[in-house]
Amino acid sequence: MESGIWASVWSFIKFLPFFFALLLLGIIKGALFGPWAWLIMTIGISALILGLWPMHVIWTHYCIIRTKMVGPVVKLLLLIAATAVLVLWLIIGVVGSILAGLTYGFLAPAMATFDAVGEGKEKPLVHCFLDGTWSTITGSCTVVRDVKDMLVHSYFSIMDEVRLHAPPDGKPYEIRLLQIPGAIFAAACGLVVDAIMFTLIALYKFPVMLFKGWKRLIEDLVGREGPFLETACVPFAGLAILLWPFAVIGAFLASVICSVPFGAYAAVVVYQESSLFLGLSYVISSVSIFDEYTNDVLDMAPGSCFPRFKYRKDEASSHGGSLSRPASSSLKHDGKKAPQRVTSFKSSFDEFNPFKLLDHLFMECKHRGKDMVAEGVITPKDIEGTKAGKASTGVLNVGLPAYVILKALLRSAKANSDGLILSDGSEITSDNRPKSKIFEWFFDPLIVIKDQIKAENFTEEEEAYLEKQVLLISDQKRIKENLIRLPPLSERKQAEIEAFARRLQGITKSISRYPTAKRRFDALVKVLSEELARTMGGNQSANGSQVRKMKSGIVRMLSQRSLGKTTGIREDDHEAQLTSDGFTS
């Protein structure tokens, strides 16, 4: 036992010079290339925010005024709230671009230096010096481009939906004016109380999180457990020890910031329950909810010392807020339970993340799109219209991704899978799916659609019809052109298939607003344009060779005919033959 401990200590001592050398090299590269990345991100993002801000102000107010989803009173409140949000966005956006540039400029070279010595890397010494240099500059430009896409493409897509979308029942949503004063008062109380209490709770638990985190990381480093289990992940985990105070500071700031939505939610409680008393009860209970959640995260004593009142008329909904964990009640009976260790960083890297799935989606779109271009399903008009920005809901930017998602849903339904099976055979389940709340907004509805498709048990003809409906955006003329035989469908079945298609297209349109999606989509359009040019060029060359052969055949035939006619004339007309012989002689 003692020999094992001393071996771990000796491996730790040997690791330290290697780690500090990589860290020093990363800091040097950060000092050399970080300022340039900082300048690019600060100037680029700030210029986008300041330049587009007047247009955002005008268009946001115009869309709120023109929307049919809400009534006049709600429009007035939304106009006031939008003005405040736009002013705050101007300040937070510019300051955030400065901080984001500093963070990225320093961390990107350091992380690239440690990543260069990972397993499977060829020439690690060369990559230690080269990685994180030029890639940091290009990465900062990519960040600016993604921000531009969000401020232009995603913003206008969302605002167009607000402006053009009709309410489900045809009646605009309106609020009860009598509840507004009580809601504003409760929100004001919630903002003040939660801002003070959340800050005090975060300050009290700040050293707990700092020293518990350090203790766990150092124990794992000495025992080669958790994130230090694999050699390739040791540098990253060592860097985590040094950067852990910054993570704790970030958690503290996040706790202070989250007091704003928590406090403002008191207005929602007052309005929904038509009771100021319940709204004030929520203000006090929100402190208990936050305290209980942080206790669970930090593995402290379960529960909370703050009171928790009933703030909903429905008893069940006031127990366990969005942050409460069911594990707390079981810990009261089972005693303190140590949190589970992470098996390794590598295993967590192998889990799916939203950007990996976006890469897979667009890679599959590229493969499917090339085949459809060759088959003539995707036409030059589709590609040119998308390039010009005329087709915001066209075949290429909505139909093709929705078609790829539909194929995954059909594949998963036939395999009786609980999750989604991708084209490469990998499966997204509740265990390995991204833990992002934004991803759940897309994933959960897709699982519901998959189960409904499974229950419908479509025939092959109905599946083909559904695929064409999704791909061709319910264009009946093109569907008939691309389907050899339309299945005989009842009106009810046709309505169901069209409803499936509309829901998938709606989800796909939402995915297109996701960060980095526009950049990936532009690359897809470029690939399909090249494929179209190659296909059209091949057809033109084939047609050209056929035309040349036809022309030579016609010329040869005409020459033969003219030669035969001349010979016939010469045989019939002896004088003409003599004249010809005279010219030739």
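Things worth noting here:
- A search for C-beta distances below 7 Å between a residue of the stretch 291-307 that is open to solvent by 60 Å² or more (accessible area, probe 1.4 Å) and any residue that is at pLDDT below 85, counting only pairs 6+ apart in sequence or on different chains, returns Tyr293/Leu323; Tyr293/Ser324; Tyr293/Arg325.
Here's the yes/no breakdown for (1) small (Gly, Ala, Ser); (2) within 28 Å of Arg520 (Cβ to Cβ); (3) at pLDDT below 90:
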site	(1), (2), (3)
Trp89	no, yes, no
Ala108	yes, yes, yes
Phe114	no, yes, yes
Ile137	no, yes, no
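Here is a yes/no grid of residues against (1) within 20 Å of Ile241 (Cα to Cα); (2) of a type outside the set (D, E, K, R); (3) open to solvent by less than 20 Å² (accessible area, probe 1.4 Å):
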| position | (1), (2), (3) |
| --- | --- |
| Phe106 | yes, yes, no |
| Ala110 | yes, yes, yes |
| Lys123 | no, no, no |
| Thr136 | no, yes, yes |
| Gly139 | no, yes, yes |
| Val152 | no, yes, no |
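- Residue in the stretch 124-133 that is under 29 Å from Thr516 (Cα atoms), touching a His at 6+ places or on another chain (Cβ under 8 Å), aromatic (Phe, Trp, Tyr) and assigned by the TED database to the domain that holds Ile43 present: no
- Looking only at the stretch 168-205, residues that are in contact with a helix residue (DSSP H, G or I) (Cβ under 9 Å, 6 or more places away or on another chain), open to solvent by 30 Å² or more (accessible area, probe 1.4 Å) and more than 17 Å from Ser274 (Cβ to Cβ) come to 11 in all.
- Test: residue in the stretch 468-477 that is among the polar types (S, T, N, Q), modelled with pLDDT under 80 and not in a helix (DSSP H, G or I): yes
- Considering the stretch 415-447, the residues that are without any contact (Cβ under 8 Å) to a residue 40 or more places away in the chain and part of a helix (DSSP H, G or I) include one that is farthest from Tyr514 (Cα to Cα), namely Ile447.
- Selection from the stretch 84-104 of residues that are open to solvent by 80 Å² or more (accessible area, probe 1.4 Å) and within 12 Å of Trp38 (Cα to Cα): Leu99, Leu102
- Any hit, the stretch 364-371, residues being modelled with pLDDT under 60 and either outside the structural domain of Glu161 (by the TED database) or part of a helix (DSSP H, G or I) (or both): no
- Count - residues of the stretch 500-509 that are open to solvent by 40 Å² or more (accessible area, probe 1.4 Å) and in contact with a helix residue (DSSP H, G or I) (Cβ under 8 Å, 6 or more places away or on another chain): 2
- Verdict on Phe106 being touching a Pro at 6+ places or on another chain (Cβ under 8 Å) and more than 30 Å from Leu164 (Cβ to Cβ): no
- Residues satisfying the stated conditions in the stretch 480-499, i.e. modelled with pLDDT of 75 or more and either of a type in the set (A, V, I, L, M) or surrounded by 13 or more Cβ atoms within 10 Å (Cβ to Cβ) (or both): Leu489, Lys493, Gln494, Ala495, Glu496, Ile497, Glu498, Ala499
The values are calculated or read from the model by the stated rules, or taken from the named source; none is laboratory data. On a predicted model such as this, the values are computed, not experimentally measured, just so you know. Reconstructed Cβ throughout: ideal geometry from the backbone, glycine too, with neighbour counts over all protein chains shown. We work out accessible area using only protein heavy atoms, side chains counted, and drop any ligands, DNA or RNA first. Shrake-Rupley method; radii C 1.70, N 1.55, O 1.52, S 1.80 Å.
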